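The structure under discussion appears below in the form of structure tokens.
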Amino acid sequence: MAYQWRPKKEKPKSLTVLGWLRPKLWRLSKEEIAEVLKIPVERVKNATCREHQVCISWYNEQGVTCWSFFSYRLFLRWQNQVIALIRTWVKWETWERLVETIEYEFSRFCYSIEMRNCIWHNLLEQERNLSSLRRATDDLDNLWEFEF
């Protein structure tokens with residue numbers, strides 16, 4: 001049997017690696033950070049947005065500065081940005097790539113059940129919208145091909 005060359009299937013990548021979300025450019029408020037850490041806003045010291053995670057420093061109960069890295073996926077802003085990305089997606093030809101990327105995100109990263117369900121619901125809703133738009137466009141194309 002002769003060798004057949006097949007192109008390698010591209011490995012899935014995250015939303016940040018693909019550049020579809022750019023959380024490094026976010027300016028997280030102390031309120032957003034306090035909500036995620038479940039501490040009073042007064043104890044939040046600073047946040048530095050990095051490429052794939054955010055470095056947060058805060059004061060503990062004794063007033064000592066603590067810091068750690070956190071995933072952007074903990075923030076409600078992440079969910080809102082993913083949903084905005086889904087809702088603005090208008091290319092049916094690349095829809096499968098978006099679905100694969102979100103499935104990869106869910107399998108690789110920790111998402112709350114509520115966030116996962118909300119994102120998935122919006123994904124299915126946009127797929128229905130794109131599908132109905134595609135059918136309407138196909139019907140219109142068929143109408144123009146009809147001879148009077």
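The values are calculated or read from the model by the stated rules, or taken from the named source; none is laboratory data. Owing to the predicted nature of the structure, the values given are computational and were not obtained by experimental measurement. As a convention, Cβ positions derive from the backbone with ideal geometry for all residues, glycine included, and neighbour counts pool all protein chains shown.
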### Task
Answer yes if at least one residue in region 80-92 is within 15 Å of the chain's Cα centre (by Cα) and over 26 Å from Asn129 (Cβ atoms), and no otherwise.
no
### Task
State all residues of region 76-116 that are among the polar types (S, T, N, Q) and more than 18 Å from Arg22 (Cβ to Cβ); if no residue qualifies, say none.
Thr94, Ser107, Ser112
## Note on the structure
So, first residue modelled with pLDDT under 80 in region 116-143, second residue among the small types (Gly, Ala, Ser) and surrounded by 12 or more Cβ atoms within 10 Å (Cβ to Cβ), Cβ within less than 6 Å, six or more apart or across chains; the pairs are none
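When you check Trp95 against the structure, is it farther than 23 Å from Lys24 by Cα and not polar (S, T, N, Q), yes or no?
Here the answer is yes, as Trp95 does meet what is asked.
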